[in-house]
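All remarks here apply to the structure that follows.
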Amino acid sequence: MVIGSLQKSDSRKADNADELRNNHENYDEEDAEIIEQENKNEEELQCALADLMGALFQSHKELTYPLVQFVQKELLPKVLNENVSPIMNRFGLFLIDNMIEYLGLEHIPNEWPYLVKVLIEYCSSKIADLRQAATYGIGVLAEKADGEGFKQVSEYCLKALVTAIDMKKRDNEEKMDYYHARDNAVSALGKVIKCQYANIPLKETVQKWLGYLPLRHDKVEAKFMHELLVDIILESDANLVFGEKGESLPKVMQTFAEVVDTKLASETFKEKVKKVVELLMSNEASRPMLHEAVGKIDKKWQDKLQRVLGL
């Protein structure tokens, strides 16, 4: 029933696209808007179908095993292949994300390795929506998996996330789709650091993640990641972020400057950054390193740090 409804919806979208493409000379702006709205309605229907199944996973964990078996053996092979539309692929990835997020690995002990393998494969998709869905799933996996479970796939997950982040924008790709997918992949990498720090090469991974900051497009993920950055410094090990000899301090200070007092930061971010600066200024060894780091960044960011933080 679900797959049939999705196929019919996908077919209606394709018909609308063909109609608009083949008869665009006969359509005015209002006609085009009507067709675009119809396609948006179809997309909402498709998301609702995945959400419906996700709600079942969330509310009836112990009773959904037959549904899980159906999804893995019957449904996913039909929607996760090159012969169907990207919308169908995305539907399948949403289902995987929902199973991992709402069931947890304890309820899918035999299924999750296959599900993770699919997510890893789609991290290198040329379609931004599919990369975003895949990297989101890996982030959820990091949050839900116990250490031993994640350790089995940690190397592959890290490589997949870096591949997704480093993917070059295609000429015909929507700018915001590309950058939102990239920001979500960076956020997934941050979730791995936060939740699975004991099961990854931590110093190397934190430095890699720092190189991708700040996030500028997905404001929700940006706030979460920038908050995580200062939390690692204040609550964990500052050297993970600064580097053993402070070599990454210029990058950190420029990131602070770009983010503080913007919509990319949470309400508590500024106060936490002030604490970081106070700690660095209070130490005779780190004080000159801080001034040297600030001197290495662009003048406009130096001016902002002076204005906002008194540096």
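The values are calculated or read from the model by the stated rules, or taken from the named source; none is laboratory data. Computed from a prediction, not measured in an experiment: that's the story for all the values here. Cβ: placed from backbone, ideal geometry, glycine included. Neighbour counts: every protein chain shown. What goes into the accessible areas is simple: the full protein's heavy atoms, side chains included, and nothing from ligands, DNA or RNA. Shrake-Rupley method; radii C 1.70, N 1.55, O 1.52, S 1.80 Å.
Annotations for the structure displayed:
- Of the helices (runs of 4 or more DSSP H) contained entirely in the stretch 196-305, those carrying at least 1 residues that are modelled with pLDDT of 95 or more fall at 202-211, 219-231, 238-242, 249-259, 269-281.
- Here V294 meets each of (1) closer than 17 Å to L249 by Cβ; (2) surrounded by fewer than 17 Cβ atoms within 10 Å (Cβ to Cβ) with one exception, condition (2).
- Checking each residue in the stretch 230-256 for being of a type outside the set (F, W, Y), open to solvent by less than 20 Å² (accessible area, probe 1.4 Å) and under 23 Å from the mean Cα position of the chain (by Cα) picks out V230, I232, I233, L240, V241, V252, T255.
- Residues satisfying the stated conditions in the stretch 66-85, i.e. surrounded by 14 or more Cβ atoms within 10 Å (Cβ to Cβ) and either hydroxyl-bearing (S, T, Y) or within 18 Å of C123 (Cβ to Cβ) (or both): L76, V79, L80, S85
- Helices (runs of 4 or more DSSP H) fully within the stretch 46-162 that include at least 2 residues being touching a helix residue (DSSP H, G or I) at 6+ places or on another chain (Cβ under 6 Å), over 27 Å from K175 (Cβ atoms) and of a type in the set (G, A, S): 147-151.
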